[in-house]
1. What number of residues within region 143-164 satisfy the criterion of being away from the ligand (no atom under 15 Å from the Cβ) and either in contact with a Gly (Cβ under 9 Å, 6 or more places away or on another chain) or open to solvent by 10 Å² or more (accessible area, probe 1.4 Å) (or both)?
2. Answer with yes or no whether N66 is modelled with pLDDT of 95 or more, in a loop (DSSP other than H, G, I, E, B) and open to solvent by 30 Å² or more (accessible area, probe 1.4 Å).
3. Inspect region 87-109 for any residue being assigned to a helix (DSSP H, G or I), within 14 Å of the ligand (Cβ to nearest atom) and touching a residue at least 12 places away in the same chain (Cβ under 8 Å) and give the result as yes or no.
4. Restricting the search to region 189-210, which residues are part of a helix (DSSP H, G or I), surrounded by 10 or more Cβ atoms within 10 Å (Cβ to Cβ) and of a type in the set (D, E, K, R)?
5. From G127, G134, which residue is within 16 Å of the ligand (Cβ to nearest atom), under 18 Å from the mean Cα position of the chain (by Cα) and surrounded by fewer than 16 Cβ atoms within 10 Å (Cβ to Cβ)?
6. Pick out the one residue from V225, V242 that is farther than 24 Å from V156 by Cβ and open to solvent by less than 70 Å² (accessible area, probe 1.4 Å).
7. Of the conditions (1) more than 16 Å from the ligand (Cβ to nearest atom); (2) in contact (Cβ under 8 Å) with a residue 60 or more places away in the chain; (3) loosely packed, with under 14 Cβ neighbours inside 10 Å, G41 clears all except one; give me its number.
8. When you scan region 2-21, how many residues do you find that are touching a Cys at 6+ places or on another chain (Cβ under 6 Å) and open to solvent by 90 Å² or more (accessible area, probe 1.4 Å)?
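The values are calculated or read from the model by the stated rules, or taken from the named source; none is laboratory data. Note that the coordinates shown come from a computational prediction; the quantities given were computed from them, not determined experimentally. Cβ: placed from backbone, ideal geometry, glycine included. Neighbour counts: every protein chain shown. Note: accessible area is taken over every heavy atom of the protein model, side chains too, but ligands, DNA and RNA are not part of it. Shrake-Rupley method; radii C 1.70, N 1.55, O 1.52, S 1.80 Å.
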Amino acid sequence: MDKVSEILLNRRTIRKYSAEPVEESLLNDLLNKACRASTTGNMQVYSIIITRNEEKKRELAPLHFNQKMVTEAPVVLTFCADFNRFIKWCILRGAEPGYDNFLSFMTASIDALLAAQTFCIAAEAKGLGICYLGTTTYMAHKIISVLNLPKGVVPVTTVTLGWPQEKPEQVDRLPLEAIIHQESYSDYTAEQIGKFYSEKEERNDSLQFMKENNKETLAQVFTDVRYKKADNVYFSNMFLQVLKDQGFMNQ
Ligand SMILES: Cc1cc2nc3c(=O)[nH]c(=O)nc-3n(C[C@H](O)[C@H](O)[C@H](O)COP(=O)(O)O)c2cc1C
């Protein structure tokens with residue numbers, strides 16, 4: 001198998017890291033590769049905040065619900081949608097920016113996420129381990145304050161990085177036929193849903209999850225425990241407020 005295929009097919013999220021530091025030159029090499037990712041109109045409307053400082057990590061940790069990777073990983077990277085830099089350039093060059101809207105936030109988020117994922121693949125290719133943190137969008141308002149993010153900048157994801165100190169089992173994926181549609185979307189019948197999710201539902205870890213949480217189905221573990229409506233609505237409203245405060249919802 002070629003090296004790229006091997007990296008892509010054998011990867012897994014790493015949540016435990018050794019104490020070994022990540023060299024500055026290696027980190028810069030990965031960041032350079034990340035910044036070669038495709039970017040809307042070659043505008044590069046994203047920024048990446050590097051956190052290595054222990055005190056800063058301790059400040060960030062509660063905002064990521066105290067997930068231990070934040071303080072244990074040698075490097076924490078916050079990927080931000082960022083129109084601030086580009087807007088400043090426009091204004092300084094007599095151009096009138098029109099980026100204070102939701103579409104521009106989406107554009108900048110997509111740019112930031114493409115850079116993040118490219119960074120992760122580059123890191124994994126060097127034998128490093130990464131973990132994304134979805135808590136970034138939940139607690140964006142507080143992360144903005146800790147990282148001193150100005151108007152026009154919104155954190156969209158965080159990646160913890162370090163040398164792996166674990167090799168967990170790979171987790172399952174849906175079969176490819178569940179994900180792929182030929183030429184146009186073909187909606188799912190109940191029978192297909194049953195077929196596509198059956199492997200996931202029958203796994204021992206899924207059965208264990210259901211038992212531990214006293215739920216009859218695996219889907220209920222998601223809806224009632226892991227990603228609850230009340231939480232989604234609460235964090236969704238907070239994030240919409242962040243977009244307003246950061247100047248992305250003016251039109
Ligand atoms: C946007 C995003 C947010 C995530 N947030 C978290 C997180 O907060 N904590 C965590 O432990 N893993 C997090 N993950 C990792 C996923 O749980 C993991 O990718 C998924 O279970 C599949 O496992 P694998 O990456 O090992 O294949 C996140 C992944 C993504 C893409």
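1. Selection size over region 143-164: 10.
2. yes
3. yes
4. Within region 189-210, K195, E199, K200, E201, E202, D205 qualify.
5. Values: G127 fails: under 18 Å from the mean Cα position of the chain (by Cα).
Unique residue meeting the criteria: G134.
6. V225
7. Every condition holds for G41 apart from (2).
8. 1
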